[in-house]
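In what follows, a structure is listed as structure tokens, so that the remarks can point back to it.
The values are calculated or read from the model by the stated rules, or taken from the named source; none is laboratory data. Keep in mind that this is a model prediction, so the values were computed, not measured. Virtual Cβ from ideal backbone geometry, glycine too; neighbours counted across all protein chains shown. Ligands, DNA and RNA are stripped out before the accessible areas are found, and what is left, the full protein with its side chains, is counted by its heavy atoms. Shrake-Rupley method; radii C 1.70, N 1.55, O 1.52, S 1.80 Å.
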Amino acid sequence: MYKYTVVMMFVLIFLFLLNRSKAAWIPLILIVYSNINGLLDWEDFALKGMIKFMDYGLVITIFLFFYWKFLCEPRYVDYQRHKYSSYLYNSVVVFFYYYCFLFIYSVLIQGGIEWPIKMGRQFFYGLVFFVAYYVMRVNPVAVFNDIICILKWSTIFFGVCYFGYNLLGWEIYPKGVHEEFLLDVEDVKRNFSGFPVFCFYFIIYLTDRVLSSTTVKFIDVASLFILIGCVLLSLTRGSLILMFAVMLLVLVYRSPMIRSFKRMLFIFALFTIVSPFLVDVFSGHLTALFGRFDEFKVAGYDQSSGYMVRAIEFNNIINNVLDFNPILGFGFTNLNALGLGYQSNVIHGGSPDNGFSNLIGVTGFLGTFLFMCVLVFWLNVNINLQLMKMERFSKVHFIFIIYLVLSFINAASMSYVYLFVVFLVYDLLAYSYYKQMKKSSQSYSKK
């Protein structure tokens, strides 16, 4: 009954939102990709063991792509011609063509289609790029504002759910506990499935809003504290360090003004005032987190268990790929764990603990190179968009790109492009949009 309630509420909310704006298709797909942020299991509403719940997001993506591409009358926008000469747009297209080729390669070496589908599904979730492009192309800035608004409030909602699970004992996540710490104070559980998917993006976004807006809104500060609390409750040392690093980077990169420093001091003072209450509420989690940091004091970072596991796994994957196929990797197969003599911590050729080893193991050095090309071209477009000084999201996305690369050391989640491709589409279209606008205004002024 619980899972039906979750789905019905989700469907009703998005039917209402879709009635107001086509922009709601994007957060709808992304939230389906997240198993409605952990409230459902992969197997909920599964179809014959092949289509998991997350895969319905891909089904919606493919349906919308073909419907808009072949059944709707095309709407050409004047500024679109810039994207055809864009290295970024072309690199993304080549990237997905490579994934299609890799899928065929995987079917041939696997000897069947079942495992390539199972192993490759998350890599193809990034096809939402083409749906996002279609939805945003007419007015990218206005539509992206709508998308961000929906994603922000849904992320805050999932953050509140995560608080309820960790602090109030709400049994709302079907996935079991990842790890449990038995402490004198209390028993502390660790569950990653309910962690807000876009938590770090909105930490960067909200930090920027708090520091740069003309007025400080209480809801922005409260939302920021909720997301910071989610990172703390995850008990992940790397994520906590990364969070403080990107927040500091936002402060430095925003061309700091006296107003920004005053606001930072205000937030720090507010945090100091409520810290006794926070220590009391988070006592068990803080004890567990400080206990995990104690390992750094004793052994040093490069000798900690997390670092050693990742280092050993990375070396294994590099050696496996060099021996098997350095160009294409293991593809979307489970051959790595099926008697070929290769050591592996997971069933496929990649890794959940490192983005680089995940890409190299599954897509080979060629796939990793194409992925990095997409990031480099995105960074170039982003910087050019910032130089125009005509919108407010590009600076946030610049910090997010830095976070994306740094997060590879801590986990493999960002090696799946669907988690950042919507922000990439905005930069691509907004740059073309403002470039055309600037060119038109210059032509008009000459007349």
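Scanning the stretch 330-348 for residues that are more than 23 Å from H178 (Cα to Cα) and either small (G, A, S) or open to solvent by less than 10 Å² (accessible area, probe 1.4 Å) (or both) gives F330, G331, F332, T333, N334, N336, G339, G341. Do we have I327 as open to solvent by 40 Å² or more (accessible area, probe 1.4 Å), modelled with pLDDT of 70 or more, under 24 Å from G159 (Cα atoms) and not small (G, A, S) here? No; evaluated as a whole, the condition is false for this residue.
Report whether or not I113 is buried (at least 17 other Cβ atoms within 10 Å of the Cβ) and of a type in the set (V, I, T). Show your work before the answer.
On the way: buried (at least 17 other Cβ atoms within 10 Å of the Cβ): no; of a type in the set (V, I, T): yes.
Judged against the criteria, I113 is not a match.
The set of residues from the stretch 1-58 being charged (D, E, K, R) and not in a loop (DSSP other than H, G, I, E, B) comprises K3, R20, K22, D55.
From the set of residues in the stretch 170-188 that are under 30 Å from T5 (Cβ atoms) and outside any loop (DSSP other than H, G, I, E, B), which is modelled with the highest pLDDT? It would help to see each step written out before you state the result.
So in the stretch 170-188, the residues under 30 Å from T5 (Cβ atoms) come out as 170-180, 186-188.
Applying the additional criterion that residues be outside any loop (DSSP other than H, G, I, E, B) yields 179-180, 187-188.
Values: E179: 70, E180: 69, D187: 70, V188: 73.
That would be V188.
Which one is farthest from T155 (Cα to Cα) among residues in the stretch 210-224 that are without any contact (Cβ under 8 Å) to a residue 24 or more places away in the chain and either in a helix (DSSP H, G or I) or in contact with a Leu (Cβ under 9 Å, 6 or more places away or on another chain) (or both)? Among those residues, the one meeting the criterion is F218. Could you please let me know if L406 is closer than 14 Å to F202 by Cα, in contact (Cβ under 8 Å) with a residue 24 or more places away in the chain and either open to solvent by 10 Å² or more (accessible area, probe 1.4 Å) or within 11 Å of the chain's Cα centre (by Cα) (or both)? No, not satisfied. Considering the stretch 66-111, and only residues there that are assigned to a loop (DSSP other than H, G, I, E, B) and polar (S, T, N, Q), the residue that is modelled with the lowest pLDDT turns out to be S85. For A430, the test of being within 14 Å of the chain's Cα centre (by Cα), open to solvent by less than 50 Å² (accessible area, probe 1.4 Å) and modelled with pLDDT under 95 is failed. Note on the stretch 40-64: residues that are surrounded by 17 or more Cβ atoms within 10 Å (Cβ to Cβ) and touching a residue at least 60 places away in the same chain (Cβ under 8 Å) total 9.
Specify the residue that is nearest to Y87 (Cα to Cα); the eligible residues are those in the stretch 349-377 that are open to solvent by 40 Å² or more (accessible area, probe 1.4 Å) and in contact with a helix residue (DSSP H, G or I) (Cβ under 6 Å, 6 or more places away or on another chain). Steps first, answer last, please.
The first filter runs over the stretch 349-377 and keeps only residues open to solvent by 40 Å² or more (accessible area, probe 1.4 Å), leaving 352-353, 356, 365-366, 369, 372, 376-377.
Now restrict to residues that are in contact with a helix residue (DSSP H, G or I) (Cβ under 6 Å, 6 or more places away or on another chain): 353, 377.
Working: D353: 30, F377: 6 Å.
Out of the qualifying residues, it is F377.
Pairs meeting the criteria (first residue in the stretch 410-425 and on the phi > 0 side of the Ramachandran plot, second residue buried (at least 24 other Cβ atoms within 10 Å of the Cβ) and in a helix (DSSP H, G or I), beta carbons under 7 Å, at least 6 apart or on different chains) are lacking.
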